[in-house]
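Structure record follows, encoded as structure tokens.
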Amino acid sequence: MAQRLPPDLENKLLEAQRLQEQLNRVVQERVALEGEKSEIERVLKLLEEVGENDVYRSVGGILVKVPKDKVVSELKDRLEIINIRLEKLRKQESELRKRLDQLLREIREAQARLQIGGELGKKGAG
């Protein structure tokens, strides 16, 4: 007959699952932002090489002529926002990993105690 897990261990397992899901979301967002950051940096480098004062930007399916300086300024602003967000996400990811590692350690210890307790109970009954 299968034993039911103690409530505290069950709660820790649920918390670990929740933390893992949260960590996955943070990592996905970080990876997406890093991709966007790379793309913006590539475009900024390309714009440096353009000798024109105006460039074309796609707006609603059409190309619109805009001043290059305006585009560069907007991209740099977006890059700054992305860098701030990435810093926060990296800190959040690190904290989540630490909490999850600690919780998994506690779960393994609790499982080991249960296993030892179960074996002692079987020996005493036999």
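Kindly provide the set of residues from the stretch 10-40 that are within 19 Å of Q102 (Cα to Cα) and touching a Lys or Arg at 6+ places or on another chain (Cβ under 7 Å), ordered by number.
Of everything in the stretch 10-40, those that are within 19 Å of Q102 (Cα to Cα) and touching a Lys or Arg at 6+ places or on another chain (Cβ under 7 Å) turn out to be L19, L23.
In this structure, is L23 outside any loop (DSSP other than H, G, I, E, B), closer than 30 Å to E93 by Cβ and hydrophobic (A, V, I, L, M, F, W, C)?
Taking the combined requirement at face value, the residue satisfies it.
With more than 31 Å from the chain's Cα centre (by Cα) and hydrophobic (A, V, I, L, M, F, W, C) as the only criterion, which of V66, V43 stands out?
Within the list V66, V43, the selection yields V66.
I'd like the residue in the stretch 36-52 that is outside any helix (DSSP H, G or I) and of a type outside the set (G, A, S) and, out of all such residues, is farthest from L114 (Cα to Cα).
Restricting to residues being outside any helix (DSSP H, G or I) and of a type outside the set (G, A, S), the top hit is E52.
Do we find that R18 is of a type in the set (K, R), at pLDDT 95 or above and over 30 Å from Q115 (Cα atoms) in this structure?
no
Across the stretch 104-114, what is the number of residues that are aliphatic (A, V, I, L, M), surrounded by 12 or more Cβ atoms within 10 Å (Cβ to Cβ) and over 21 Å from the mean Cα position of the chain (by Cα)?
3
Give the residue, chosen from L33, L5, L23, that is under 30 Å from G117 (Cβ atoms) and not basic (K, R). Step through it out loud before you land on a result.
On the way: L33 fails: under 30 Å from G117 (Cβ atoms); L23 fails: under 30 Å from G117 (Cβ atoms).
Checking each option against the conditions leaves just L5.
What number of residues within the stretch 1-44 are touching a helix residue (DSSP H, G or I) at 6+ places or on another chain (Cβ under 8 Å), polar (S, T, N, Q) and exposed (fewer than 12 other Cβ atoms within 10 Å of the Cβ)?
1
So which of R113, R85, R105, R97 is at pLDDT below 95 and of a type in the set (D, E, K, R)? Give the steps one after another, and end with the answer.
Details: R85 fails: at pLDDT below 95; R105 fails: at pLDDT below 95; R97 fails: at pLDDT below 95.
Within the list R113, R85, R105, R97, the selection yields R113.
Identify the single condition in (1) outside any helix (DSSP H, G or I); (2) surrounded by 14 or more Cβ atoms within 10 Å (Cβ to Cβ); (3) basic (K, R) that K65 does not satisfy, given that it satisfies every other one.
Of the numbered conditions (1) outside any helix (DSSP H, G or I); (2) surrounded by 14 or more Cβ atoms within 10 Å (Cβ to Cβ); (3) basic (K, R), the odd one out for K65 is (2).
Can you name every residue in the stretch 72-103 that is among the small types (G, A, S) and within 13 Å of the chain's Cα centre (by Cα)?
Within the stretch 72-103, just S94 meets the criteria.
If you go through the stretch 70-77 one residue at a time, do you hit one that is at pLDDT below 95 and charged (D, E, K, R)? Spell out how you get there, then give the answer.
Start the filter on the stretch 70-77 by keeping residues that are at pLDDT below 95, which leaves none.
The answer is no, given that none of the residues of the stretch 70-77 is at pLDDT below 95 and charged (D, E, K, R).
The values are calculated or read from the model by the stated rules, or taken from the named source; none is laboratory data. In this text the structure is predicted, and so the values were computed from the model without any measurement. Counting neighbours? That spans all protein chains shown, and the Cβs are built from the backbone with ideal geometry, glycine included.
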